[in-house]
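Worksheet: the structure to be examined is printed underneath.
The values are calculated or read from the model by the stated rules, or taken from the named source; none is laboratory data. All of these numbers come straight from a predicted model, not from anything done at the bench. Neighbour counts are summed over all protein chains in view; Cβ atoms, including those assigned to glycine, are modelled from backbone coordinates with ideal geometry.
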Amino acid sequence: MSAVLTSPVAAGLRSEGVWATAWRRFRGDRVGMVCLAIVAAFLVLIALSATRVVASQWQRELGVPNAPPAFMGPRPPEDLGTIEVPKGPNVDLSDVDPLAPRYKEWAERAAQIKTEEIVRAPTLPFGGDRLGRDVLAKTIKGTEISVFVGVLSAILATTIGTLLGAFAGFFGKRVDDLLEWLYNVFTAVPDILLIFAFAAVFGRGLGTVVLILGLTGWAGVYRQVRAEFIKHRSREYVRAAEAIGASVPSRMFRHILPNVSHVILVRLSLLVVGFIKAEVILSYLGLGVPVDQVSWGTMLAEAQSELILGYWWQLVAATVFMAAFVTAFSLMADAWRDALDPKLRGAE
């Protein structure tokens, strides 16, 4: 009786895929997993803010102007002084001061203003801004706007750069010459002029900021992806895929792209960090977030004048949130890069 030999494929056994291998290696990186949890927490917070579950009333003036954080306690009241008015049965106030008939009206207004201020909280958990708005609610809402702008712009720029770099590197010849000409045109014009040009065409708003950053930030990704595709297009595994009849899109995006994804992730993480900073500059120039919105950039711009007066809490809140997200996102991207690097995979 002859033994029946079965291959691993016939037995239903398949080798581990690229992404499954990367996820297994990523889970072994403790720092990467902690940073992934932090980024996921930020994304949940952004989703709650976008659905108005939290920070929906960030524009309400809940506290007194520049209300300190709760742990500092309320500020002592400011002595504005009083006006002494002559009194007596035979005193005509209009002879003493021509504005005397309006004193009563002003006193009633002052009493009304005092009554309204009593309703406002003297302190807030993380302090208040110059209008008395809660800094914590502003920071959460600013996180939504800044992360939305930074991540979406980086994804747009990375997608454009990856597609153009893949076509230029894989096909070469005339396609490469055309895309190289386009790359040289974009890099020859200063970034600030491109930003002003796109802003003049598209107007102002969050969508405009995303388009401006995405359409001006793809050049670095294109250059690196093009070089990687030129290096990989003639390797044995791509030739083998071509020999068994794999189509051009399959060879480009199923075989080569996973092996260069670690480079793309590094560029993506750098772009996210850079675009969050760029949003600060655009908002300062009046080309960024609209005036009825808030972001880390607008909060830092406001905090410059407040810091001189000793009101530091808005600056600290925006800086801590921005530093936590940017650091966690960068370390998470580095962990994914190591997990996807084919050289490190081959060393196992």
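State whether one or more residues within region 24-43 are over 30 Å from I145 (Cα atoms), buried (at least 16 other Cβ atoms within 10 Å of the Cβ), at pLDDT below 90 and among the small types (G, A, S). No, region 24-43 has no match at all.
Taken residue by residue, region 218-227 has at least one member that is in contact (Cβ under 8 Å) with a residue 24 or more places away in the chain and either among the basic types (K, R) or under 25 Å from S49 (Cα atoms) (or both). Please specify each residue of region 249-286 satisfying the condition of being among the β-branched types (V, I, T) and farther than 17 Å from E228 by Cβ. Once the filter is applied, which keeps residues that are among the β-branched types (V, I, T) and farther than 17 Å from E228 by Cβ, region 249-286 yields V272, V273, I276, V280, I281.
Residues in region 51-62 that are surrounded by 14 or more Cβ atoms within 10 Å (Cβ to Cβ) and either under 20 Å from V320 (Cβ atoms) or modelled with pLDDT of 90 or more (or both): V54, A55, W58. Taking region 81-195 as the region of interest, the helices (runs of 4 or more DSSP H) fully inside it that hold 1 or more residues being more than 30 Å from P69 (Cβ to Cβ), under 22 Å from the mean Cα position of the chain (by Cα) and modelled with pLDDT of 65 or more are 135-171. Of the residues in region 323-346, not one is out of contact with any Phe, Trp or Tyr (no Cβ under 6 Å at 6 or more places or on another chain), under 30 Å from D129 (Cα atoms) and not in a helix (DSSP H, G or I). The C-beta contact set for region 267-285 (first residue assigned by TED's automatic domain parsing to the domain that holds T162, second residue assigned to a loop (DSSP other than H, G, I, E, B) and among the aliphatic types (A, V, I, L, M), distance under 6 angstrom, 6+ apart or interchain) comprises S283/V289. Entry remark, region 273-311: residues being surrounded by 14 or more Cβ atoms within 10 Å (Cβ to Cβ) and not in a helix (DSSP H, G or I) number 8 in total. Summed over region 233-272, the residues that are assigned to a loop (DSSP other than H, G, I, E, B) and charged (D, E, K, R) give a count of 2.
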